[in-house]
Amino acid sequence: MDFSIITENISEYVNGLWLTVQLVSLSLLVGLVLSIPFAVMRSTERLFISGPVWLFTYCFRGTPLLVQMFLFYYGLGQLEFVKELSKSWTFLQDAYWYALLAFTLNTAAYTTEIIRGAIVATPFGEIEAARACGMSRGRVLRRIVLPSAFRRALPAYANEVIFMLHGSAVASLITLVDITGAARIINSRYYSPYEAFITAAIFYMALTFLIVWGFRQLEKRWHAHLKPRESN
């Protein structure tokens with residue numbers, strides 16, 4: 001391997017790293033905010049409430065992220081009203097926002113089902129005890145069901161965060177220079193796939209390590225009450 005190729009072009013990877021972190025962080029944040037009310041709606045037995053959310057999650061979980069991004073970038077941008085808006089709203093001409101939209105809706109669909117599964121798995125005894133204390137349905141949801149569900153959903157959500165990070169590599173296919181995009185540029189410049197893509201893999205592995213470490217610390221904090229007490 002020619003390490004000079006890596007050292008001379010490390011700034012390309014750093015810029016790509018910043019774009020990747022931006023895209024993944026924003027999409028996860030907005031997707032999580034959307035998924036909480038969606039999960040509550042999805043867990044109800046009323047079809048007219050849960051049905052539209054089920055359709056949303058089915059469509060976005062049932063199709064590849066790459067196809068969704070292409071539909072937004074190439075399809076949505078071709079609609080006449082979007083073309084008119086883009087004349088005054090220049091951000092609609094930027095591939096960044098279409099990638100962010102696709103990533104957000106995709107992760108929102110997966111996270112909705114993760115949280116819904118944790119909600120329906122809440123022991124009925126906890127809910128019954130809260131109602132016996134005089135809590136309203138809203139307060140039971142806020143203080144008992146959702147906190148309990150978040151703790152159970154944490155391991156599965158950690159996997160979703162990692163999958164979202166890895167899935168973000170498709171952003172390079174719509175002109176965005178993320179980590180993978182930087183590797184593709186360097187490969188086309190020097191015809192050195194090993195140097196280009198192994199370096200990209202190292203960046204992804206470093207980010208994955210940080211994510212796994214962060215969720216482990218969060219699990220230790222949230223599940224501290226489950227640890228056996230040390231005897232004096």
Study note, to complete from the structure: Computed, not fitted: 222 nm per-residue ellipticity of the chain from DSSP H runs ≥ 4 (each -39500 (n - 2.57)), nearest 500, equal to -24500 deg cm²/dmol
Point to revise | Separation of the residue 216 and residue 1 label points, Cα + 7 Å toward Cβ, nm | key: 2.4 nm
Check your understanding: What FRET efficiency would be calculated for the residue pair residue 163, residue 14, taking the C-beta separation as r and a Förster radius of 25 Å, to the nearest 0.05?
Key -> 0.55
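Which helices pass in the chain if a helix is a full DSSP H run, must span at least 30 angstrom along its long axis by Cα, and must have mean Kyte-Doolittle hydropathy not below 1.0?
10-42
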Point to revise | Distance (nanometres) between label positions extended 7 Å along Cα→Cβ at residue 142 and residue 198 | key: 5.5 nm
Practice item. Taking only protein heavy atoms into account and a 1.4 Å probe, give the accessible area per residue of the chain in Å². Key: 60 Å²
Study note, to complete from the structure: With the chain reduced to its Cα atoms and the Debye formula applied, log10 I(q)/I(0) at q = 0.13, 0.14 1/Å amounts to -0.90, -0.99
Practice item. Grab the beta carbon distance between residue 93 and residue 29, set R0 = 22 Å, and tell me the FRET efficiency rounded to 0.05. Key: 0.35
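The values are calculated or read from the model by the stated rules, or taken from the named source; none is laboratory data. Since the structure is predicted, the reported quantities are computational estimates derived from the model, not experimental observations. Note: ideal-geometry Cβ built from the backbone for every residue, glycine included; neighbour counts use all protein chains shown. Calculation scope for accessible area: heavy atoms of the full protein, side chains included, ligands and nucleic acids excluded. Shrake-Rupley method; radii C 1.70, N 1.55, O 1.52, S 1.80 Å.
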